[in-house]
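To start, the structure itself, in structure tokens.
The values are calculated or read from the model by the stated rules, or taken from the named source; none is laboratory data. What you are looking at is a predicted structure, and each value in this text was computed from that prediction instead of being measured. Quick note on the areas: whole protein, heavy atoms, side chains included, nothing else; ligands and nucleic acids left out. Shrake-Rupley method; radii C 1.70, N 1.55, O 1.52, S 1.80 Å.
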Amino acid sequence: QVQLVESGGGLVQPGGSLRLSCAASGSKTGIRGMAWYRQTPGKQRELVASITSGGRTNYTASVKGRFTISRDNAWISIYLQMNSLKPEETAVYYCHAYTFVNAYWGQGTQVTVSS
């Protein structure tokens with residue numbers, strides 16, 4: 001089992017920045033990759049950014065050049081640096097980890113982009 005705890009959400013003005021963190025604990029040796037998703041009411045959860053055990057990253061098109069996903073060694077934590085935030089990016093952001101056989105989710109952290 002892997003436990004994920006997100007932090008760093010909050011209220012930010014349009015054009016501002018936030019850095020989300022996800023702390024992973026438990027049995028992390030089988031983790032193949034981790035990711036950030038976001039969800040707004042009435043919509044499906046969407047992938048924002050992902051990073052593999054080899055360090056390969058992937059971003060949804062709308063955040064390329066503005067968001068950066070990173071991790072430390074041994075999957076202790078991953079981060080999402082979000083710059084130039086837009087009001088439509090208001091959502092609950094979730095941390096996700098996957099192995100060959102399991103997937104894990106955090107409880108989410110609210111990000112609100114508003115003036």
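Highest mobility in the GNM of the chain, judged by mean-square fluctuation with C-alpha springs under 10 Å and restricted to ALA49, ALA35, ALA23, is found for ALA23. Using every alpha carbon pair in the chain, what percent of pairs falls into each 5 Å bin from 0 up to the bin containing the largest distance? Percent of pairs per bin, in order: 2, 12, 24, 25, 19, 10, 5, 1, 0.
Tally up the carbon and sulfur contribution to the accessible surface of the stretch 1-109 as a whole percent, 1.4 Å probe, everything protein left in place.
Exposed carbon and sulfur together represent 49 percent of the surface.
Computed with a 1.4 Å probe over protein heavy atoms only, the accessible surface of the chain comes to 52 Å² per residue. Rg and Dmax of the stretch 1-47, both derived from C-alpha coordinates alone, stand at 13.6, 39 Å.
Just need the relative contact order of the chain here, percent rounded to a whole number, with Cα pairs under 8 Å and 6+ apart. Could the numbers behind the result be given before it?
Details: 280 pairs, mean separation 43.0, N = 115.
Relative CO of the chain lands at 37 percent.
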